[in-house]
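K.L.:
Dumping the structure here so I can ask a few things about it.
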Amino acid sequence: MSAILRLLPCLLLVWQVTASAADVVRFPRPEFEGDHRYDYALQVLELGLSKSGVAYRIEQAAVAMNQERQVEEIEAGRTLDVGPIPSSAEREARLLPIYIPLNKGTLGWRLGLIRKGDAARFAGLDTLDELKHVRLGQGQEWPDTQILRANGIPVITAPRYEGLFKMLTGKRFDYFPRSLMEIWDEQALNSGTLEVENHVALHYFYDAYFMVNRKNTKLAQDLRNGLEKAIADGSFDKLFMQYYGERLRKAHVETRSVIELKNPLLTPGTPSNRPELWYDPRRQR
């Protein structure tokens with residue numbers, strides 16, 4: 001026992017040196033209390049870095065910020081090192097993307113948040129031409145806004161995410177497209193006024209990637225290596241289904257009328273030749 005006690009200071013010193021030697025990776029914090037959009041991405045980041053073979057320690061940023069501010073901070077190398085950034089050609093040019101779709105493409109599968117009692121208005125919505133007569137809402141800087149408008153759909157925007165729910169309730173627009181993995185938490189937070197529309201789904205080939213500063217090639221390579229290991233050993237898909245499996249089943253996409261949209265924001269780096277990276281509920285994967 002005395003030998004173990006004599007070793008304790010040495011073991012503590014080793015732990016302290018190891019802990020201090022870990023590189024800090026700064027990650028976005030939620031925009032407001034109850035915002036769960038980054039929970040899963042944070043777990044994916046932890047998984048990828050844990051399999052990278054390099055010691056990293058994740059810290060959340062001190063200040064909440066929207067998507068465009070995250071891009072600016074990563075690009076400038078200031079308060080963020082990595083973020084789960086929805087893709088666009090402009091963002092991929094400004095930052096260094098790791099081309100592994102974090103949500104397996106479910107960011108491009110959209111259901112609608114609507115006001116309670118409005119479901120009958122959408123029961124016959126089946127085509128893109130019909131969708132063009134619906135008032136949709138989206139974030140001002142979101143790439144989704146560009147995608148919807150490129151398909152001829154009028155979009156009403158707001159600069160702040162949380163403001164969009166108030167605008168929907170206040171009848172500024174009538175349909176708020178949200179991803180399969182986001183919509184259930186958001187409806188729960190607004191259960192008194194909003195419901196999930198149950199007839200239609202929108203789909204465009206799209207997702208978010210981890211993106212880092214273009215000079216931070218080491219972090220990019222380490223994270224890419226770790227994520228590829230997680231994909232190969234099945235832990236990436238396991239985490240995805242543990243986190244989103246029930247939400248995907250609740251969506252019942254197989255019974256919905258799916259409106260396919262074109263995505264003009266896709267870049268040559270999009271890993272469309274790797275079907276294992278993309279979830280398609282029509283394949284029941």
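The values are calculated or read from the model by the stated rules, or taken from the named source; none is laboratory data. What you see is a predicted model, and the numbers here were worked out from it, not measured in a lab. We place every Cβ from the backbone using ideal geometry, glycine too, and count neighbours over all the protein chains shown. For the accessible areas, the whole protein counts, side chains as well, though only heavy atoms, and no ligand, DNA or RNA atoms are used. Shrake-Rupley method; radii C 1.70, N 1.55, O 1.52, S 1.80 Å.
K.L.:
Quick one: how many lysine pairs does the chain have with C-alpha atoms less than 15 Å apart and a gap of 8 or more or different chains? Give me the count, please.
P.N.:
Close lysine pairs found across the chain: 8.
K.L.:
Compute, for the chain, the length of the dipole vector about the Cα centre, with Cβ point charges of +1 (Lys, Arg) and -1 (Asp, Glu) only. Units Debye, rounded to 20.
P.N.:
Dipole of the chain, to the nearest 20 debye: 120 debye.
K.L.:
Leaving out ligands, DNA and RNA, what percent of the accessible area of the range 66-166 is carbon and sulfur, probe 1.4 Å?
P.N.:
Roughly 49 percent, rounded to a whole number.
K.L.:
Something else: So what is the 222 nm mean residue ellipticity for the chain from helices alone, if each DSSP H run of at least 4 adds -39500 (n - 2.57) and you divide by all residues, rounding to the nearest 500 deg cm²/dmol?
P.N.:
Mean residue ellipticity, 222 nm, calculated: -11500 deg cm²/dmol.
K.L.:
At 1.4 Å probe size, with every protein chain present, just tell me what the per residue accessible area of the range 162-234 comes to in Å².
P.N.:
On a per-residue basis, 39 Å².
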